[in-house]
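Read through the structure below, which is laid out as structure tokens, and then see the notes.
The values are calculated or read from the model by the stated rules, or taken from the named source; none is laboratory data. Since the model is a prediction, treat every value here as computed from it, not as a measurement. Heads up, the Cβs are rebuilt from the backbone with ideal geometry, glycines too, and the neighbour counts pull from every protein chain shown. SASA here: full protein model, heavy atoms, side chains in, ligands and nucleic acids out. Shrake-Rupley method; radii C 1.70, N 1.55, O 1.52, S 1.80 Å.
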Amino acid sequence: MKIYNTLTRKKEEFQPLDVKEVRMYSCGPTVYQYAHIGNLRTYVFMDILRRVLQYNGYKLKHVMNITDVGHLVSDADEGEDKMMKTAKEQKKSPWEIAEYYTGVFFNDARALNIQTPEVVSKATDHIPEMIEFVEGLVEKGYGYETGDGVYFDIGRFKGYGKLSRIDLEEQMAGARVEVNEEKHHPADFALWKKAPREHIMQWPSPWGMGYPGWHIECSAMGRKYLGDVFDIHTGGVDHIPIHHENEIAQSEALLGKPAVRYWMHGEFLLVDNGKMSKSLGNTYTVANLKEKGYSPLAYRYLCLNAHYRNKLNFTWDAIHSAQVSLDRLLEGALAQKNGRDEVEKETVEAFLREFEEAVNDDLNIPKALGIVWNVIRYPKKSGVLFDLLVRMDSILGLEIADVREKEEKTEEAAPEIEELINQRQQARKEKNWKLADEIRDKLKDMGIALEDTPQGVKWRKA
Ligand code: AMP
Ligand code: ZN
């Protein structure tokens, strides 16, 4: 299996430290708002990587953090804590904010068939580990205390910039960095922040009451669960120049050797060929897709159509086409399931070989999907080919195994069902999503599945 290592800028043969178990870490969500579909693209990439590793027979020990403290408005340690900002805006405690948005994140992830990592670790549950890490850096002379915190001394770490290959001085010349007279270098980043009294999230430390910097979270939690050196670290490309550069600096300064062997980064999702932003009103969520009648798996399908190292452009036309293609793919799979033709073993093996070559070539899922379509379009129809598709779907995660004949509405719906569907439509009009979901679940219990299509609500016996 080959994967692209951002550190070396090369596709490399993947060889885990322990042949039986791959240890990997993924930067998880900052739980201060709804994850948008761009964030979720990065987790679909993470999920595909998990599934390809599992397909190759590896057991996984995979850690994903939940950032519920310390991520400031700018990645470079400026401004307010994102959690605190939302808490103030919504007049809630940061703990309530974290709990709510963590819940929504995992609901969205489940809807996209993103597997949950073996360890999900909240930053606020690991404050002692972070303090210990910072203490170690201070002892070794890489951390220094100032009036407002403890900072990492970038000038002392010779390898700074090796992941992004950006010259630090050049980067600083173009960046807007808050002047902090006490910092040795403008790019020195916070390991620990001293908290003013009104700051709700704060813990005792050798440097007084405060809270951890964002970057130290990942270094400390990765080390706790995966050991000093582990195999893979993932995140979005935006993390390369600051967050991951800082993680490398911290870990390597403390351990005297690199902690991560393969760095992997997912490219960005664009919307209408541009950046997503609140001001443009285009930071779409899974809920927004559902409101327009698109299934979360149509979005997954859209993601699978682009290589993870290429940008992907989201448009409503693109998600519409993805939904149509996914529906056709599932219909095609059903035709295979019901088929009775003879298909030669060699044909099946050739398809599988091509598919495996594609997924093992740095997760070439668009190519693998093309092979899935070749199986679907194969003139002979056979349950053997359906079984092959189900096997391939252990990586794609499109629920091919669950396809069954859709029973279109033929008879008049039982009045009770019609009534519930109407109530749900009303709830949706009033944006009462909770009630709408409850009604959907109730119908589900009655064996009725709803499908919100652009043409309206369809129902069938599940
Ligand atoms: P955050 O919750 O802000 O820490 O971000 C969660 C993840 O989403 C990170 O791995 C980011 O790199 C990633 N991310 C942010 N914006 C996008 C985007 N437009 N496309 C893909 N990934 C993104
Ligand atoms: Zn991280």
For Lys434, which lysines qualify as cross-link partners when the Cα separation must be under 16 Å and same-chain residues fewer than eight apart are set aside?
Lys290, Lys442, Lys444
Can you give the angle from 0 to 90° between the axis of helix 127-139 and the longest principal axis of the chain, with both taken from C-alpha atoms, to the nearest 10?
40
For segment 254-266, 3J(HN,Hα) per residue [Karplus equation, 6.51 cos²θ - 1.76 cosθ + 1.60, θ = phi - 60°, Hz, x = Gly/Pro]
6, 8, x, 7, x, 8, 10, 9, 10, 9, 10, 10, x
Taking a quarter of the surface of the convex hull around the Cα atoms of segment 271-398, what do you get in nm²?
8.3
Running Debye on the chain with equal point scatterers at the Cα sites and no solvent, what base-10 log of I(q)/I(0) appears at q = 0.10 Å⁻¹?
-0.81
If you take every DSSP beta bridge whose two residues both sit in the chain, what share of them, in percent to the nearest 5, is antiparallel?
50
Report the gain in length on full extension from Ala287 to Trp373: 0.36 nm times residue separation, minus Cα-Cα distance, nm rounded to one decimal.
28.1 nm
Nearest 10 degrees is fine. How inclined is helix 433-445 to the longest principal axis of the chain, computing both from alpha carbons?
40
Separation in nanometres of the label points that stand 7 Å from Cα toward Cβ, at Arg460 and Lys20:
4.4
Would you mind checking which residues have amide H under 5 Å from Val271's amide H? H placed 1.01 Å from N; only 5 or more apart, or other chain.
Met276, Phe314
Sort the following peptides by mean Cβ neighbour count (other Cβ atoms within 10 Å, averaged over residues), highest first: 103-112, 214-223.
214-223, 103-112
Accessible area per residue for the chain in Å², computed with a 1.4 Å probe and the full protein assembly in place, what is it?
47
Over all Cα pairs of segment 2-266, how is the pair count split among 10 Å bins, expressed in % and running from 0 up to the last occupied bin?
7, 31, 37, 22, 4, 0
Counting only residues 5 or more apart in sequence or on a different chain, those whose built amide H sits under 5 Å from that of Tyr25 are Val63, Ile232, His233, Thr234
Using θ = phi - 60° and the Karplus form 6.51 cos²θ - 1.76 cosθ + 1.60, what ³J(HN,Hα) does each residue of segment 89-100 get, whole Hz, x for Gly and Pro?
4, 9, 6, 10, 7, x, 5, 5, 4, 4, 4, 5
Under a cut-off of 20 Å between alpha-carbon atoms, report the lysines in cross-link reach of Lys91, not counting same-chain residues fewer than 8 places apart.
Lys82
Going by alpha carbons, how many degrees (0 to 90, nearest 10) lie between the helix axis of 383-396 and the longest principal axis of the chain?
20
Given H placed on each backbone N at 1.01 Å, which residues far from Lys122 in sequence or on other chains put an amide H within less than 5 Å of it?
Ile66
So between Ser277 and Glu430, what do we pick up on full extension, going 0.36 nm a residue minus the alpha carbon distance?
52.5 nm
Residue separation times 0.36 nm, minus the C-alpha to C-alpha distance between Glu405 and Trp95: what's the value?
107.1 nm
Cα point-scatterer Debye curve for segment 90-163, base-10 log of I(q)/I(0) at q = 0.27 Å⁻¹
-1.19
